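Heads up, the thing below is written out as structure tokens.
The values are calculated or read from the model by the stated rules, or taken from the named source; none is laboratory data. Quick caveat, the model's predicted, so the values are computed rather than measured. Here the Cβ positions follow ideal geometry from the backbone for every residue, glycine too, while neighbour counts run over all protein chains shown.
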């Protein structure tokens with residue numbers, strides 16, 4: 001796309017055909033606006049984007065905007081997205097899922113995607129509760145949190161997601177707030193620009209099922225992390241990514257400098273072949289003499 | 001002629017057998033090689049068998065062996081009953097093996113100082129396997145030329161030279177001491193021309209590559225692992241992305257993601273891994289994303305028999321997943337058929353936009369067989385991607401809503417489009433959906449969409465092959481099989497011809513949708529014998545479900561060891577007499 005075309009991209013181009021079914025005041029609205037805003041800010045057109053989601057209220061997001069979308073299974077969007085990215089590295093691939101997806105059922109994929117470092121932006125709508133199934137505790141619910149499956153209070157420690165992805169090797173770790181969609185859009189845009197896996201944990205209030213972790217609760221505790229002091233020092237970052245409770249840092253908490261090499265950059269089949277897998281299949285000719293030569297060389 | 005090499009895991013039974021097989025193949029002999037091993041790196045009895053003959057002689061292993069290379073006394077104890085008349089045993093004279101006991105059974109005992117030769121000629125007893133192979137060459141009169149060639153390829157120059165000295169010394173000593181005693185000979189057949197030697201997994205992987213598969217994600221699991229390994233070893237210039245994932249769920253998810261992006265993608269696993277993939281296979285069916293899944297079966301349930309061959313997953317793949325969805329199930333019967341089934345699987349997956357599951361098993365996946373070099377002919381490969389929206393047609397803009405990913409069509413197939421195309425922007429969802437792909441729970445959307453998906457199976461019958469008859473068109477007894485038991489049944493049909501038994505074979509490669517022509521083929525037979533490597537006779541169940549025909553005469557085996565062709569002959573000969 002030319003620069004001129006890119007300049008013509010604005011947020012309205014991502015307008016979807018379906019009206020969201022989210023509850024009034026749901027933090028998911030903020031996330032939807034932030035995702036659209038980030039793409040418009042970067043001049044990325046709807047057909048250049050693939051948004052992959054899991055299961056939960058927030059994961060219905062691709063249905064409510066215009067872009068390529070894949071609404072997948074609970075906890076599995078990261079590997080679906082990785083497959084699409086490796087098949088066509090030209091796509092901008094964004095994963096949007098929830099705390100149940102990313103930190104619960106899909107925890108294994110989170111760890112391995114972080115260390116693997118595909119160029120995927122991962123936005124986790126973390127409302128510290130299971131909303132779509134109507135109010136059970138989640139991996140990020142506080143110890144003592146009362147819910148339908150923890151009526152005497154949760155007896156498990158909560159995961160601190162930013163510490164988990166940082167420790168797993170993520171090169172971009174941030175925390176946003178659905179109540180501040182402009183700041184969130186900027187964090188997502190920078191995550192898209194970051195070469196490699198970018199994790200953006202989003203404080204996203206569930207107005208119906210979480211009466212504790214509300215907009216006000218987050219506003220009282222969230223503070224803007226001082227980016228000017230530098231974000232690439234791992235020792236200092238380790239404090240920031242772990243901090244939770246009365247003081248919750250927001251913004252970019254860690255970014256590797258220089259960025260870690262991406263999975264795609266290190267994969268010989270993507271670097272040495274003339275075509276990526278999608279183009280390779282499209283242009284495929286089974287009668288190409290290379291195949292017969294390969295057979296005779298390898299099997300005799 | 002058949003040779004058995006036996007010893008403990010870690011003694012190099014497989015590498016000796018594999019090297020010998022390649023040397024025989026290069027010398028122009030037909031070879032069928034299979035191994036029997038355990039799920040442990042060291043210890044435990046392993047053995048490798050090499051059936052050697054002309055090109056057409058090597059469809060399966062045979063029950064009896066003519067020469068045994070015993071690396072342990074246990075090898076002799078376990079396999080002496082399988083020696084054929086005039087058979088012999090080569091072993092290191094230091095082993096506690098009773099030569100007289102072997103001779104008392106009417107067999108030849110060839111105790112040789114194999115370790116001593118390795119030590120003296122090569123400088124280390126480690127080369128004792130090489131000495132044994134040299135002895136095998138010496139006793140059969142097989143020229144060591146091609147064995148030397150293979151040795152040079154397998155070892156660095158210095159080590160190779162030492163091995164060659166050992167091999168020649170052992171061959172010479174064996175010739176001098178016992179050259180006249182053993183009547184089975186192996187001579188090179190130079191007029192054969194170039195041959196291929198490969199296993200089912202390699203044939204499948206090669207077929208996938210030629211089919212345009214450019215993505216495989218898998219988690220290592222015996223006996224499927226070598227498919228991923230082979231694809232990974234292909235030169236990067238072919239552009240095949242291979243991903244060893246964190247688990248089987250990621251493996252299937254990545255393959256489906258890659259396929260959605262527009263490439264041909266697959267995964268390969270065994271029963272336990274397939275169990276983990278089930279939910280995502282349903283997702284591929286719901287979103288109509290093509291994907292090829294290989295289940296290289298082994299004995300189950302649970303970890304079961306990790307290194308053993310069975311066919312226990314047919315009913316599993318026919319029925320796996322919650323909800324009802326279209327799927328295609330194929331089962332190659334031989335190494336040669338693995339190639340054709342591979343490229344057909346990718347075509348069918350894209351034509352019918354559904355999961356295609358391919359069943360192999362440990363035996364088929366791992367056994368090696370020779371084929372002429374012009375076999376696996378790429379000229380026969382058809383490349384059909386089914387209905388895909390061309391990049392420049394469809395609609396002028398992505399948001400006018402004209403492209404409907406799940407357009408209701410007469411044949412059930414809706415044209416696909418890939419991310420990156422500005423004219424076809426859409427999303428797909430795990431939920432039931434509208435023609436445009438949006439989530440819907442309306443009955444008015446559900447029923448036509450369900451009908452559309454299921455209709456694809458009716459359409460697919462056009463590309464489904466009926467079971468094939470091998471042997472005489474009409475016979476007193478008809479074997480019915482699927483998968484790797486084909487190799488054994490096919491050989492049994494050949495043996496039957498020589499023994500005046502009227503026997504033919506009906507082999508199913510395409511199992512679902514159940515082939516239209518199957519019922520007539522079954523009804524044409526006078527007496528059906530079902531041959532399967534499982535407890536419940538799963539093809540028999542399928543046949544009864546689909547045709548009402550119940551096959552009451554069944555040869556079922558679930559001990560993890562494959563049938564021998566002679567077992568089938570014994571059964572049908574017995575049945576004939578009775």
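Could you check region A:31-67 and list, in sequence order, the residues that are within 17 Å of residue B:421 (Cβ to Cβ), over 17 Å from the mean Cα position of the chain (by Cα) and free of Cβ contacts under 8 Å to residues at least 40 places away in the same chain?
A:46, A:47
For residue A:112, which of the numbered conditions (1) in contact with a strand residue (DSSP E or B) (Cβ under 9 Å, 6 or more places away or on another chain); (2) at pLDDT 95 or above fails to hold?
Exception for residue A:112: condition (1).
Among the residues that make up region B:275-292, is at least one of them in a loop (DSSP other than H, G, I, E, B) and farther than 30 Å from residue A:48 by Cβ?
There is no residue in region B:275-292 that is in a loop (DSSP other than H, G, I, E, B) and farther than 30 Å from residue A:48 by Cβ.
Suppose we keep only residues that are touching a strand residue (DSSP E or B) at 6+ places or on another chain (Cβ under 7 Å) and part of a helix (DSSP H, G or I) within region B:178-200. Which one would you say is modelled with the lowest pLDDT?
Checked region B:178-200; the qualifying residue modelled with the lowest pLDDT is B:178.
How about region B:233-244: which of its residues are facing chain A (nearest Cβ under 7 Å) and in a helix (DSSP H, G or I)?
Result: B:236, B:237, B:238.
Restricting to region B:245-264, name every residue that is more than 7 Å from chain A (Cβ to nearest Cβ) and under 23 Å from residue B:347 (Cα atoms).
Hits for region B:245-264 are B:251, B:252, B:259.
Give the residues of region B:213-232 that are surrounded by fewer than 24 Cβ atoms within 10 Å (Cβ to Cβ) and at the interface with another protein chain (Cβ under 10 Å from one of its Cβ atoms), sorted by residue number.
Selection gives B:230, B:232.
Considering only region B:372-408, state which residues are more than 12 Å from chain A (Cβ to nearest Cβ), over 20 Å from residue B:427 (Cβ atoms) and modelled with pLDDT of 95 or more.
Answer for region B:372-408, where residues must be more than 12 Å from chain A (Cβ to nearest Cβ), over 20 Å from residue B:427 (Cβ atoms) and modelled with pLDDT of 95 or more: just B:386.
Output the number of the condition that residue B:413 fails; it satisfies all remaining conditions of (1) away from chain A (no Cβ under 14 Å); (2) within 17 Å of residue B:464 (Cα to Cα); (3) in contact with a strand residue (DSSP E or B) (Cβ under 9 Å, 6 or more places away or on another chain).
Failing condition for residue B:413: (3).
Does region B:338-348 contain any residue that is outside any helix (DSSP H, G or I) and farther than 30 Å from residue B:40 by Cβ? Working first, answer last.
Within region B:338-348, the first condition is being outside any helix (DSSP H, G or I), and the residues that meet it are none.
No.
Looking at (1) crowded, with 24+ Cβ neighbours inside 10 Å; (2) not in a loop (DSSP other than H, G, I, E, B), find the lone condition where residue B:85 falls short.
(1)
Mind telling me which of the residues A:292, A:257 ends up being surrounded by fewer than 20 Cβ atoms within 10 Å (Cβ to Cβ) and over 27 Å from residue A:175 (Cα atoms)? Let's see the steps before the verdict.
Working: A:257 fails: over 27 Å from residue A:175 (Cα atoms).
Every option except A:292 fails the conditions.
Collect the residues in region A:16-28 that are surrounded by fewer than 18 Cβ atoms within 10 Å (Cβ to Cβ), at negative phi and away from chain B (no Cβ under 14 Å), keeping them in residue-number order. Let's see the steps before the verdict.
Residues of region A:16-28 that are surrounded by fewer than 18 Cβ atoms within 10 Å (Cβ to Cβ), as a first pass: A:17-21, A:23-25.
Pick out the ones that are also at negative phi and you get A:17-21, A:23-24.
Of everything in region A:16-28, those that are surrounded by fewer than 18 Cβ atoms within 10 Å (Cβ to Cβ), at negative phi and away from chain B (no Cβ under 14 Å) turn out to be A:23, A:24.
Scan region B:434-456 for residues that are more than 9 Å from chain A (Cβ to nearest Cβ) and not in a helix (DSSP H, G or I) and report the count.
Initially, region B:434-456 is screened for residues more than 9 Å from chain A (Cβ to nearest Cβ), giving B:434-435, B:440-456.
From the residues that got through so far, the ones that are not in a helix (DSSP H, G or I) too are B:434-435, B:440-442.
Residues in region B:434-456 being more than 9 Å from chain A (Cβ to nearest Cβ) and not in a helix (DSSP H, G or I): 5 in total.
I need the full set of residues from region A:274-294 which are in contact with a helix residue (DSSP H, G or I) (Cβ under 6 Å, 6 or more places away or on another chain) and either under 28 Å from residue B:153 (Cα atoms) or more than 9 Å from chain B (Cβ to nearest Cβ) (or both), in order please. Step through it out loud before you land on a result.
From region A:274-294, those in contact with a helix residue (DSSP H, G or I) (Cβ under 6 Å, 6 or more places away or on another chain) are A:277-278, A:286-287, A:291-292; that's our starting set.
Matches in region A:274-294: A:291, A:292.
Sort through A:61, A:78, A:42, A:71 and tell me the only one that's more than 9 Å from every other protein chain (Cβ to nearest Cβ), crowded, with 20+ Cβ neighbours inside 10 Å and within 30 Å of residue B:241 (Cβ to Cβ).
Working: A:78 fails: more than 9 Å from every other protein chain (Cβ to nearest Cβ); A:42 fails: crowded, with 20+ Cβ neighbours inside 10 Å; A:71 fails: more than 9 Å from every other protein chain (Cβ to nearest Cβ).
Matching residue, one of A:61, A:78, A:42, A:71: A:61.
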